[in-house]
1. Residue by residue through the stretch 70-81, which ³J(HN,Hα) values in whole Hz follow from phi under the Karplus form 6.51 cos²θ - 1.76 cosθ + 1.60 (θ = phi - 60°), with glycine and proline marked x?
2. What does the accessible area of Lys123 come to, in Å² to the nearest 10, when a probe of 1.4 Å is used?
3. Once the dipole of the stretch 1-40 is set up with Lys and Arg at +1 and Asp and Glu at -1 on Cβ about the Cα centre, which of Gly6, Trp26, Tyr38 lies farthest towards its positive end?
4. With every protein chain present, what accessible area does Tyr102 have (1.4 Å probe, heavy atoms only), rounded to the nearest 10 Å²?
5. Would you mind telling me the share, in percent, of accessible area of the chain contributed by carbon and sulfur at probe 1.4 angstrom?
6. Accessible area of Leu64, 1.4 Å probe, to the nearest 10 Å²?
7. With an 8 Å Cα cut-off and a minimum separation of 6 or more residues, compute the relative contact order for the stretch 42-108 in percent.
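The values are calculated or read from the model by the stated rules, or taken from the named source; none is laboratory data. Nothing here was measured: the structure is a model prediction, and the numbers come from that model. Here the Cβ is made from the backbone with ideal geometry for all residues, glycine too, and neighbour counts use every protein chain on show. Ligands, DNA and RNA are excluded from the accessible area calculation, which covers all protein heavy atoms including side chains. Shrake-Rupley method; radii C 1.70, N 1.55, O 1.52, S 1.80 Å.
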Amino acid sequence: LPLQAGALYAGGRLPVWSPEGPETRWRLTVPVLEEGEYRIHFVARLDPKAPELRVGWDGEAAELTTGVSNVELFRPYRTLLRNFTLRPLHLTAGSHTLEFLYEGADAGVDRPEVGLDFVWVQKVG
């Protein structure tokens, strides 16, 4: 994925995904070192080119702490970062999959962009 530079982003760079159309998916492999209870956090860019996404975990819809699976990243007049958190999960050691499914963009967005600053795997139990 292309990287965009900016002081707002961790490490000064941000990977940017441009979904090609409906039902386009972006999958990330998330390593878990030991079995236990975890919270998965991700920090995404909200801006005028950002779409709505459905979040998945290991092939299923992921429930965020807000009680939904979708995130609306579109903000018409500014750019900011927002932290999103999945409800606690019991995970086995090994590789897991965090998935973003493109749900659509504002009518004025010709080429949507999703900027993901970082993913944090937090052991809670």
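1. Computed from phi, the couplings for the stretch 70-81 are 9, 10, 9, 9, 6, 9, x, 10, 7, 10, 8, 10 Hz.
2. 90
3. Gly6
4. Its heavy atoms expose roughly 30 Å² to the probe.
5. 50
6. About 0 Å², ignoring ligands and nucleic acids.
7. Rounded, it is 48 percent for the stretch 42-108.
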